[in-house]
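Reviewing the structure listed below.
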Amino acid sequence: MSFAFVSDHLALDFAATAAWRTTRYTELLAEPEDFARWATAAEVVDRLEAVSQADLVTARTLREAIYRLALAAATGEPGDAQDAAVIRQAAAHTPVRPALQALGRVERRGEVQDVLATVAASASDLLGGPGRLLVRQCTGEPCTRLFLDRSRAGTRRWCSKQSCGSRINAAAYRRRVRLDGQSTK
């Protein structure tokens, strides 16, 4: 299973590792190895080894706290203090630090707690600052992804024009064609 990085923010892409939450729930972090694959695909670390089942549970707990607070930001709700505490606790660890190896080459090493701290720090910056006002939820069915709307008008509706936007536009086109066909009869 591959991961999509279309939310325009590390923490929101991490929250999207539980896909289609209210429609066809899909757990993208089913096994500890999945978290290691996500961390490398997200370029948080170059390689992540020794992810335990307990680490996976901790990662999912952080993910859910990020999702709930980001959804609260998107809907204008106040959010839960317990979710903020989960993020704050994870961010208290040392994040992954990039090490410049040569011009054009950086190395990112870290353990599970370092990766979680990096994601939690990213979530803290987003949800604790003005960026929280840019958080939106995709209106494409069955998508439940959260994303940052950096469009000039602030009216972006889909997490990705290529997937959700394309699907919605195609469905609208089929409806128009069908209605046009009925009106000419």
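The values are calculated or read from the model by the stated rules, or taken from the named source; none is laboratory data. It should be emphasised that the depicted structure is a prediction, and the values quoted were computed from it without experimental measurement. In this analysis, Cβ positions are derived from the backbone assuming ideal geometry, glycine residues included, and neighbour counts consider all displayed protein chains. Accessible surface is based on the protein model in full, side chains and every heavy atom, while ligands, DNA and RNA are left aside. Shrake-Rupley method; radii C 1.70, N 1.55, O 1.52, S 1.80 Å.
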Any chance Ser160 is at pLDDT below 75 and more than 17 Å from the chain's Cα centre (by Cα): no
Qualifying positions in the range 1-31 - out of contact with any strand residue (DSSP E or B) (no Cβ under 9 Å at 6 or more places or on another chain) and in a loop (DSSP other than H, G, I, E, B): Ser2, Phe3, Phe5, Arg21, Thr22, Thr23, Arg24, Ala30, Glu31
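Suppose we filter Ala72, Ala50 for residues that are free of Cβ contacts under 8 Å to residues at least 12 places away in the same chain and either surrounded by fewer than 17 Cβ atoms within 10 Å (Cβ to Cβ) or not in a loop (DSSP other than H, G, I, E, B) (or both); which single one remains?
On the way: Ala50 fails: free of Cβ contacts under 8 Å to residues at least 12 places away in the same chain.
The conditions single out Ala72.
Quick grid of which residues meet (1) hydrophobic (A, V, I, L, M, F, W, C); (2) within 23 Å of Arg136 (Cβ to Cβ):
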{"site": "Ala30", "(1), (2)": "yes, no"}
{"site": "Asp34", "(1), (2)": "no, no"}
{"site": "Arg37", "(1), (2)": "no, no"}
{"site": "Ala42", "(1), (2)": "yes, yes"}
{"site": "Ser52", "(1), (2)": "no, no"}
{"site": "Arg63", "(1), (2)": "no, yes"}
{"site": "Ile66", "(1), (2)": "yes, yes"}
{"site": "Ala70", "(1), (2)": "yes, yes"}
{"site": "Asp80", "(1), (2)": "no, yes"}
Which numbered condition Asp34 fails, given (1) of a type outside the set (A, V, I, L, M, F, W, C); (2) part of a helix (DSSP H, G or I); (3) modelled with pLDDT under 95: (3)
Residue satisfying all of: in the range 1-47; free of Cβ contacts under 8 Å to residues at least 40 places away in the same chain and of a type in the set (Val, Ile, Thr); least open to solvent (accessible area, probe 1.4 Å) among these: Thr26
